[in-house]
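Single-structure report; data block below.
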Amino acid sequence: MSTDEHDRFRVRPANSEDAMISAAMGIAARWGEVLGPEKLEVALKALEPQLKREHAIALKRLDMQQADLDRQAQEAREQRADRRYFAGLIVGATVAVAMLGAGVYVAKDAWWLAALLCGPSLLALAKIFVLRRSDAGDMSAVALTARGATQAAQQGQAVPPTQ
């Protein structure tokens, strides 16, 4: 056998199973030329169970890879959801502290504004940011408090009599 023929039959490392199958088919074709079709058919029938096992193994490997990719995607979704939840907690806490601080700061000058900042509106905003939900009762309580505070502020700012 010359070196050209030797290189032609040498099995090269394949990157994929398709390259391995095509190399095997080339070798089988050469063996068919050497042995004859009858002996090649017997050899291929003997090789068939091994090919079936390898195919089943390849399918199982692909299923396992898909399951691993699905698990990684689920973990990434859960991590994003956790980050979003904690961001909501931080924003809610910041808004609540800011509203309480502002309410305390303006309490001696404008008590009605302090009632708006520290009343049901504070609870409604905290509920929206932290729990991610809002009920109709929350909004009606905020509206009622705002209406009452603005009416009280208007009465407190009665026009002084002109002289």
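The values are calculated or read from the model by the stated rules, or taken from the named source; none is laboratory data. Bear in mind that the values here come from a model prediction, so they are computed numbers and not experimental data. Don't worry about glycine lacking a Cβ; one is built from the backbone with ideal geometry, like all the others, and counts go over all protein chains shown.
Quick one: residue 30 ticks every box in (1) at pLDDT 75 or above; (2) loosely packed, with under 11 Cβ neighbours inside 10 Å; (3) among the basic types (Lys, Arg) except a single one, so which number is it?
Every condition holds for residue 30 apart from (2).
Return the pairs, sorted by first residue and then second, in which the second residue is modelled with pLDDT under 90 and of a type in the set (A, V, I, L, M), the first residue lies in region 44-64 and is closer than 18 Å to residue 28 by Cβ, the beta carbons are less than 8 Å apart, and the residues are 6+ apart or on different chains.
Note: pairs meeting the criteria are 44/28.
Can you tell me which residue is surrounded by the most Cβ atoms within 10 Å (Cβ to Cβ) among those in region 86-110 that are in contact (Cβ under 8 Å) with a residue 40 or more places away in the chain and in a helix (DSSP H, G or I)?
88
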